[in-house]
Amino acid sequence: MSEGLCTLTTIENNPVEQFLRTDRLPHIWCSGCGIGTTVNCFAQALIDSKAEINKTVVVSGIGCTGRVAGHVLLDSFHTTHGRAIPFATGMKLANPSLNVVVYSGDGDLFAIGGNHIMHAARRNIDLKVICVNNFTYAMTGGQTAPTTPLGANTSTASYGNYDEPFNIPHLMDAVGAVYVARWTTFHVKQLERSMTELLKKKGFGFIEILSPCPVLFQRRNKLGDSVETMKFYKQHCKIKNGAPTSEVGILPGEDITIGTFVNRERPDYIAQMRRHLSGQLGEKFVNEGVPACCA
């Protein structure tokens with residue numbers, strides 16, 4: 001078989017391609033960026049979870065990860081900075097049959113969007129949140145983010161960051177998320193399985209994905225290229241499923257704890273709303289979770 005035919009066959013048998021807007025390739029992400037790896041895992045999870053593609057929606061904010069919404073061949077919404085969660089909440093409440101995925105970065109979700117993500121988890125809105133954490137504001141110049149490790153150099157902390165970073169899994173656990181996990185772009189099989197679990201889970205679920213930013217964060221901190229980062233993840237990440245989230249903060253010089261930390265059950269927001277309204281007004285006044293007079 002000729003080289004051209006081999007290439008053609010490989011592309012035609014690529015299960016990921018059906019979920020990509022191939023007319024927008026090549027993509028925007030830098031060489032060595034881990035976001036593309038997460039998209040590949042997400043596509044595999046869509047297959048493995050048997051998700052209803054026509055009812056799956058991807059919402060993102062602003063930033064490198066926010067561009068995922070423009071590259072996946074699904075109904076998608078690229079929203080304003082920090083506002084992916086409110087947009088997604090509106091979609092889920094307007095049409096509860098939708099499977100709403102929020103795909104964005106650590107800066108978008110936990111800085112300008114921090115208030116929104118906490119209250120969505122508290123209310124247990126049925127959203128699937130995927131956060132790619134590259135420890136910096138990568139699209140806007142490498143500034144300090146809410147997740148930047150202590151001592152790391154950024155464009156706004158040239159002598160090293162002294163702001164205490166968020167322990168994201170602990171925060172999500174504390175405010176009520178029913179599913180909380182952390183993986184890296186090295187742990188692709190584990191990440192794919194975790195995304196599959198997330199897509200099947202009812203309620204507010206969250207996955208943090210540690211990813212290299214070779215152009216800004218890695219280079220500024222002399223951490224080598226993305227291959228070096230993958231080696232670091234392999235050597236220094238320890239899988240501890242069920243670990244207390246208060247103990248999984250990322251500290252300089254220490255191994256990083258990864259795994260699925262929280263997987264619990266509690267009624268989601270729409271179920272709670274319907275239960276409350278049926279008790280207050282009677283079943284005949286409840287239509288898809290709202291009073292019939294307001295439907």
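The values are calculated or read from the model by the stated rules, or taken from the named source; none is laboratory data. Owing to the predicted nature of the structure, the values given are computational and were not obtained by experimental measurement. As a convention, Cβ positions derive from the backbone with ideal geometry for all residues, glycine included, and neighbour counts pool all protein chains shown.
Of note:
- Residues (closer than 21 Å to residue 73 by Cβ and free of Cβ contacts under 8 Å to residues at least 60 places away in the same chain) located in region 86-104: 87, 88, 91, 95, 97, 98, 100, 102, 104
- The combined condition, being β-branched (Val, Ile, Thr), within 15 Å of residue 146 (Cα to Cα) and under 16 Å from the mean Cα position of the chain (by Cα), is fulfilled by residue 117.
- Residue in region 210-219 that is part of a loop (DSSP other than H, G, I, E, B), under 21 Å from residue 151 (Cα atoms) and among the hydroxyl-bearing types (Ser, Thr, Tyr) present: yes
- The residues listed here are 51, 120; of these, the one that is in a loop (DSSP other than H, G, I, E, B) and in contact (Cβ under 8 Å) with a residue 60 or more places away in the chain is 51.
- One residue from 216, 191 being buried (at least 20 other Cβ atoms within 10 Å of the Cβ), modelled with pLDDT under 95 and not aromatic (Phe, Trp, Tyr): 216
- Taken together, 107, 114 contain a single residue that is surrounded by fewer than 24 Cβ atoms within 10 Å (Cβ to Cβ), over 18 Å from residue 200 (Cα atoms) and either at pLDDT below 95 or of a type outside the set (D, E, K, R) (or both), which is 114.
- From 216, 198, 191, 210, residue being in contact with a Gly (Cβ under 6 Å, 6 or more places away or on another chain), touching a residue at least 12 places away in the same chain (Cβ under 8 Å) and under 15 Å from residue 41 (Cβ atoms): 198
- Selected residue (criterion: farthest from residue 165 (Cα to Cα)) from residues of region 236-261 that are touching a Pro at 6+ places or on another chain (Cβ under 8 Å) and surrounded by 19 or more Cβ atoms within 10 Å (Cβ to Cβ): 261
- Only one of the numbered conditions (1) out of contact with any helix residue (DSSP H, G or I) (no Cβ under 6 Å at 6 or more places or on another chain); (2) over 25 Å from residue 194 (Cβ atoms); (3) not small (Gly, Ala, Ser) is violated by residue 91, and that is (2).
- Note on region 222-244: among residues that are at pLDDT 95 or above and outside any helix (DSSP H, G or I), the one that is nearest to residue 148 (Cα to Cα) is 237.
- Residue match in region 162-182 (condition: closer than 19 Å to residue 33 by Cβ and either touching a residue at least 60 places away in the same chain (Cβ under 8 Å) or in contact with a helix residue (DSSP H, G or I) (Cβ under 7 Å, 6 or more places away or on another chain) (or both)): yes
- Exactly one residue among 42, 110, 77, 87 is in the same structural domain as residue 172 (by TED's automatic domain parsing), among the aromatic types (Phe, Trp, Tyr) and touching a Pro at 6+ places or on another chain (Cβ under 9 Å), and that residue is 110.
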